[in-house]
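Trainee: Quick one: the structure is below, and I'll ask about it shortly.
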Amino acid sequence: MSNLFNSWLWLSRLRSSSFKSSFHRTLHSITTTPRKTAPTFSYLFNSHRTSNPWTTWSIPLALALSAGSLSLQPRSDSSFSDSLDSDVSGVSIGGKDSTQYVVKGSQKELPQELLQELKIICKDNISLDYDERYFHGKPQNSFHKAVNIPDVIVYPRSEEEVSKIVKLCNSHKIPIVPYGGATSIEGHTLSPNGGVCIDMALMKKVKALHVDDMDVVVDPGIGWMELNEYLEPYGLFFPLDPGPGASIGGMCATRCSGSLAVRYGTMRDNVISLKVVLANGDIVKTASRARKSAAGYDLTRLMIGSEGTLGVITEVTLRLQKIPQFSVVAMCNFPSVKDAADVAIATMMSGIQVSRVELLDEVQLKAINIANGKSFPESPTLMFEFIGTEAYAREQTQIVRKIVSEHNGSDFVFAEEPEAKKELWKARKEALWACFAMVPNTEAMISDVCVPLSHLADIISRSKKELDASSLVCTVIAHAGDGNFHTVILFDPTKEEQRQEAERLNHFMVHAALSLEGTCTGEHGVGTGKMKYLEEELGVEALRTMKKIKSVLDPNNIMNPGKLIPPHVCF
């Protein structure tokens, strides 16, 4: 399947975005929109499917582990380690310096009894269609791949149906992969062991809105953009803004954030409570609707960022914010990314409560100009948003203008009119698609790291030097106000040496962040792609603790197996 078609399939899941309509017009003549609604059961159960034998994976290995032998490479002599991939030669997942990105696994034929019971639960909302399964098994904007795809896709309509599906899969020891907006980047929705993909597309209701309490209760399948369209007439909004098309359930699972996190925090800070279906089918409510509580373990935070490895999120209660009374968007240019990063740090140190501070390098600006016919100066650029009363937002703008002038900044421009502000932010939101327009027929290795704010200029400078020296086209995009920055590394997927070079650059950036007391991922999550860095960042004892929690809540290891926790981790 071509990169262009992959991108179109991903775009078909978008609920709304300014870019969607223009991109649709471009592609409409060469492809068709894949079916979003669940296909009928009678048709799909006669569809083509493939099967691959797989060995029993649910029983953990119990082999001796000599003292001091634990390393970041997956081992066959581990005690109480995942056995999913242990019988597959050549697997290198979770180890130091691993460059193997095709996630291997083992797969068995689904029992006919299971399929028939799924039919009873889901009725027509189930698919065995190969194209549908392939679409769900290949992340649409991730270079990660798996040797297998889901055996079946189910589209539950309620929490009760999710519970029945999960309980059924647990009894048959069949893997489950939850599926949201298809925007994840680190291989979260891969199905290396086949199994059942639970697509939450039909669970997208707003269940309750409490305007006076400024919170809302929603299904996991609703997108953040859809939700904000619903909330706008009430003068409220949900402040997190990851990629267009992201669903609330997936945002919880990956503990995402976005450009507004510098003002409003991450998903961890904006979720009040959850309802989660555990591996045995139990439905757990993690907290009440109170804004704060000291009652028991914080199960809400345990589930946020668990990436579907502990349970399936079926309901989310979110904090809301008032739509700002007034806002100003500003842009300015710098001779180097270090100068731009220094201004971001100085702005945060000044005490100004900006709502956004975004950094784009000169390569990214060039891509935006090419893709959109713009004429932005092709130099490192900062974008700010200031909110509050009209007087306060304008005062902040002038203070930052002064800071910019003291750090080699130039061309400070700002906009107050809604359309002008929208046009400026559009350039930032379409950054990835601009990269593909600049270098067609490529894939993107998109990575993010985060460091303490005082180290931001250092790591961006070091990484930028390495990126610029590479033969690949690379761009830098940063949520500069909280020390989080991304690289988009474009490579030809048919050329292994380019993929290896992209992996080398990613590896360099991650280790630079870890050396500065940072993290291998600020907001994209771990999935399969970042597992190999977790022991260096967190230590083996932390990983063993995670493994123990996982083994208690999911003893049969059916919940999104092969993600988050490196397979070599044992206890």
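The values are calculated or read from the model by the stated rules, or taken from the named source; none is laboratory data. Note that this is a predicted model, so its numbers are computed, not measured. Note that we place each Cβ from the backbone using ideal geometry, even for glycine, and neighbour counts take in every protein chain shown. Areas reflect the complete protein model, heavy atoms only, side chains present, ligands, DNA and RNA absent. Shrake-Rupley method; radii C 1.70, N 1.55, O 1.52, S 1.80 Å.
Trainee: Which ones in segment 311-332 are open to solvent by less than 10 Å² (accessible area, probe 1.4 Å) and either over 30 Å from His188 (Cα atoms) or β-branched (Val, Ile, Thr) (or both)?
Mentor: Val312, Thr314, Val316, Thr317, Val328, Val329, Ala330, Cys332
Trainee: Working carefully through the options Thr494, Thr487, find the one that is among the hydroxyl-bearing types (Ser, Thr, Tyr), assigned to a strand (DSSP E or B) and either free of Cβ contacts under 8 Å to residues at least 24 places away in the same chain or out of contact with any Phe, Trp or Tyr (no Cβ under 8 Å at 6 or more places or on another chain) (or both).
Mentor: Unique residue meeting the criteria: Thr487.
Trainee: Still on this structure, please answer the following. Of the conditions (1) within 18 Å of the chain's Cα centre (by Cα); (2) surrounded by fewer than 20 Cβ atoms within 10 Å (Cβ to Cβ); (3) at pLDDT 95 or above; (4) not aliphatic (A, V, I, L, M), Lys145 satisfies every one except a single condition; which number is it?
Mentor: (3)
Trainee: Right, next: Pairs under 7 Å by beta carbon, first residue among the basic types (Lys, Arg) in segment 283-309, partner open to solvent by 40 Å² or more (accessible area, probe 1.4 Å), six or more apart or different chains?
Mentor: Going by the 7 Å Cβ cut-off, the qualifying pairs are Lys285/Lys275; Arg301/Arg268.
Trainee: Take the residues in segment 411-428 that are touching a helix residue (DSSP H, G or I) at 6+ places or on another chain (Cβ under 7 Å) and within 20 Å of Lys366 (Cβ to Cβ), then tell me which one is surrounded by the most Cβ atoms within 10 Å (Cβ to Cβ).
Mentor: Ala427
Trainee: Given the criterion among the aliphatic types (A, V, I, L, M) and buried (at least 19 other Cβ atoms within 10 Å of the Cβ), identify the matching residue among Val552, Val526.
Mentor: The unique qualifying residue is Val526.
Trainee: Leu490 passes all but one of (1) at positive phi; (2) open to solvent by less than 10 Å² (accessible area, probe 1.4 Å); which number fails?
Mentor: In the conditions (1) at positive phi; (2) open to solvent by less than 10 Å² (accessible area, probe 1.4 Å), Leu490 misses (1) alone.
Trainee: Of everything in segment 192-235, what is part of a strand (DSSP E or B) and closer than 22 Å to Asn560 by Cα? Give them in sequence order.
Mentor: Val196, Cys197, Ile198, Asp199, Gly223, listed by residue number.
Trainee: Kindly check whether there is at least one residue in segment 388-399 that is touching a helix residue (DSSP H, G or I) at 6+ places or on another chain (Cβ under 6 Å) and touching a residue at least 40 places away in the same chain (Cβ under 8 Å).
Mentor: There is no residue in segment 388-399 that is touching a helix residue (DSSP H, G or I) at 6+ places or on another chain (Cβ under 6 Å) and touching a residue at least 40 places away in the same chain (Cβ under 8 Å).
Trainee: Output the residues belonging to segment 414-471 that are outside any helix (DSSP H, G or I), modelled with pLDDT of 95 or more and over 24 Å from the mean Cα position of the chain (by Cα).
Mentor: Of everything in segment 414-471, those that are outside any helix (DSSP H, G or I), modelled with pLDDT of 95 or more and over 24 Å from the mean Cα position of the chain (by Cα) turn out to be Ser470, Ser471.
Trainee: Now for a different question. Taking segment 372-384, which residues are crowded, with 19+ Cβ neighbours inside 10 Å and farther than 15 Å from Val413 by Cβ?
Mentor: Selection gives Pro380 alone.
Trainee: For segment 337-352, enumerate the residues that are open to solvent by 40 Å² or more (accessible area, probe 1.4 Å) and not in a helix (DSSP H, G or I).
Mentor: Answer for segment 337-352, where residues must be open to solvent by 40 Å² or more (accessible area, probe 1.4 Å) and not in a helix (DSSP H, G or I): Ser350, Gly351.
Trainee: All but one of (1) in contact with an Asp or Glu (Cβ under 9 Å, 6 or more places away or on another chain); (2) open to solvent by less than 20 Å² (accessible area, probe 1.4 Å); (3) farther than 28 Å from Glu378 by Cβ; (4) not basic (Lys, Arg) hold for Leu534, so report the exception by its number.
Mentor: Of (1) in contact with an Asp or Glu (Cβ under 9 Å, 6 or more places away or on another chain); (2) open to solvent by less than 20 Å² (accessible area, probe 1.4 Å); (3) farther than 28 Å from Glu378 by Cβ; (4) not basic (Lys, Arg), only one is false for Leu534: (1).
Trainee: Here's a follow-up. Given (1) touching a Phe, Trp or Tyr at 6+ places or on another chain (Cβ under 8 Å); (2) part of a helix (DSSP H, G or I); (3) open to solvent by 20 Å² or more (accessible area, probe 1.4 Å), where does Asn408 come up short, assuming only one miss?
Mentor: Unmet condition: (2).
Trainee: Now, a different point. Hey, among Thr189, Thr183, which residue is open to solvent by 30 Å² or more (accessible area, probe 1.4 Å), part of a loop (DSSP other than H, G, I, E, B) and β-branched (Val, Ile, Thr)?
Mentor: After applying the criteria, what remains is Thr183.
Trainee: What is the one condition in (1) at pLDDT below 95; (2) in contact with a Pro (Cβ under 7 Å, 6 or more places away or on another chain) that Ser350 does not satisfy?
Mentor: (2)
Yes/no matrix, rows are residues, columns are (1) touching a Phe, Trp or Tyr at 6+ places or on another chain (Cβ under 9 Å); (2) open to solvent by less than 60 Å² (accessible area, probe 1.4 Å); (3) farther than 20 Å from Glu186 by Cβ:
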{"residue": "Phe238", "(1), (2), (3)": "yes, yes, yes"}
{"residue": "Pro244", "(1), (2), (3)": "yes, yes, no"}
{"residue": "Cys256", "(1), (2), (3)": "no, yes, no"}
{"residue": "Ser259", "(1), (2), (3)": "yes, yes, no"}
{"residue": "Arg268", "(1), (2), (3)": "no, no, no"}
{"residue": "Val284", "(1), (2), (3)": "no, yes, yes"}
{"residue": "Arg289", "(1), (2), (3)": "no, no, yes"}
{"residue": "Asp298", "(1), (2), (3)": "no, no, yes"}
{"residue": "Thr309", "(1), (2), (3)": "no, yes, no"}
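Trainee: I would also like to ask the following. Does any residue in segment 315-335 that is within 19 Å of Thr389 (Cα to Cα) and outside any loop (DSSP other than H, G, I, E, B) come within less than 7 Å, Cβ to Cβ, of a residue that is open to solvent by 30 Å² or more (accessible area, probe 1.4 Å) and among the β-branched types (Val, Ile, Thr) six or more places away or on a different chain, and which pairs are these?
Mentor: Listed pairs, sorted by first residue: Phe326/Thr389; Ala330/Val413.
Trainee: Do you know which residues across segment 245-259 are touching a helix residue (DSSP H, G or I) at 6+ places or on another chain (Cβ under 9 Å) and part of a helix (DSSP H, G or I)?
Mentor: Ile248, Met251, Cys252, Ala253, Thr254, listed by residue number.
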